[in-house]
Amino acid sequence: MNEQAKFLGIRVSALVEILLFFLVAFVCDYALGDGNRFWDVMPHPYWIIVILIAAQYGSGEALVAVAVATIALLFGNLPEQDFNQDMYAYLHEVTIRPLMWLVAGVLIGMIRDRHIKERAELRDELRLSREREEKIAESYEWVRDTKQKLEMRIAGQLRSSIDTYHAAKAIEKLDPKDVLDGVQELISAVLGPDKFSIYLRENGSADATIIHGWADSDHYQRNYDNTSALFREVVGNNQVLCVANDEHERILDGEGVLAGPLVDPETDHVIGMLKIERLGFGELNLSTIETFRAICEWVGMAFVNADKYQTAKADSVVNPDHNLMT
């Protein structure tokens with residue numbers, strides 16, 4: 001669509017071109033011609049501006065050009081009627097050129113209007129096509145990014161599954177010390193916390209046996225007894241605490257985001273506590289809490305099994321490691 005300035009719906013550039021043309025035409029007529037505004041010239045020079053304006057701008061501007069050309073030709077320039085010329089012949093002589101300009105200007109202008117309309121429609125279609133192209137490109141980029149993220153997630157899940165398998169094998173040991181070493185690998189592989197610790201229960205208190213990721217500036221407690229609300233809830237009441245719960249947050253008191261008991265599944269006896277001090281914000285969800293609960297049971301069972309094996313080995317007559325008398 002033409003965005004040129006308009007005056008009363010007519011393009012200003014068309015008005016300027018019309019005025020300049022007739023200014024030049026008047027100068028040429030009075031300076032070089034007879035001053036009768038090219039009345040006897042065939043074809044009349046005013047055809048130039050009518051056709052040009054109609055072909056360039058359309059029917060609206062063409063009508064203005066026809067009107068100005070008619071005024072320029074007839075105003076103060078009407079020929080005298082001959083004695084032997086009837087009224088109809090005289091009117092034909094006076095009006096034939098303006099009528100021909102009008103017909104030609106309207107026809108050519110309408111053709112130009114149709115071209116302008118088609119060009120505007122093509123321009124709109126092109127704009128819509130470019131917008132669709134941009135949206136398709138954006139959608140492609142989004143799909144590609146999503147695909148890459150899914151591939152990375154699947155690869156990460158595969159690695160996590162493999163790491164979990166190796167970590168699970170690491171805690172299936174018969175020596176409590178080896179179990180402690182495997183527990184760290186298991187927790188890191190499954191939950192991926194930045195900081196965590198394991199407390200083992202002994203004589204009414206729980207002491208930190210494994211500390212992972214703690215910095216020198218951290219001041220987490222290394223020992224809990226029955227005077228601690230955290231000890232009473234986790235070890236005494238066999239509860240899993242999560243910082244997302246307001247009451248649990250008060251009990252944790254800045255000591256961690258998750259805390260759960262290590263339980264003997266056969267006797268429900270609590271042998272210790274697993275506590276996660278720092279975990280990624282996006283990783284703390286319902287699935288993580290349930291996984292944490294399962295790990296607490298798994299680790300507790302591994303400790304109990306290793307302890308039972310060591311007790312049975314100590315009571316055995318023959319040492320199974322050396323096949324010698326104990």
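What the table shows:
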read-out: Residues with amide H under 5 Å from that of residue 210, placed H, sequence gap 5 or more; value: 198
read-out: Fully extended contour minus Cα-Cα distance, from residue 239 to residue 125, at 0.36 nm per residue; value: 34.5 nm
read-out: Label-to-label distance, nm, for residues given as residue 78 and residue 142 (7 Å Cα→Cβ offset); value: 7.3 nm
read-out: Simple spin-label estimate for residue 6 and residue 113 in nanometres, 7 Å along Cα-Cβ; value: 1.2 nm
read-out: Among 78-87, 201-210, 111-120, the order from most to least packed when residues are scored by Cβ within 10 Å on average; value: 201-210, 111-120, 78-87
read-out: Pairwise FRET efficiency - residue 217 versus residue 291, Cβ, R0 = 35 Å, nearest 0.05; value: 0.75
read-out: From the C-alpha gyration tensor of region 199-275, square roots of 5λ in Å; value: 19, 16, 11
read-out: Amide hydrogen neighbours beyond the local backbone of residue 195, cut-off 5 Å, H modeled; value: 277, 278
read-out: Whole-Hz couplings from phi, Karplus 6.51/-1.76/1.60, listed for region 117-123; x for Gly and Pro; value: 5, 5, 5, 5, 5, 5, 5
read-out: Cut-off 11 Å between beta-carbons: net charge of the residues surrounding residue 49, Lys and Arg +1, Asp and Glu -1; value: -2
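Where a number appears in this text, it was derived from the coordinates with a stated rule and is not lab data. What you are looking at is a predicted structure, and each value in this text was computed from that prediction instead of being measured. Note that we place each Cβ from the backbone using ideal geometry, even for glycine, and neighbour counts take in every protein chain shown.
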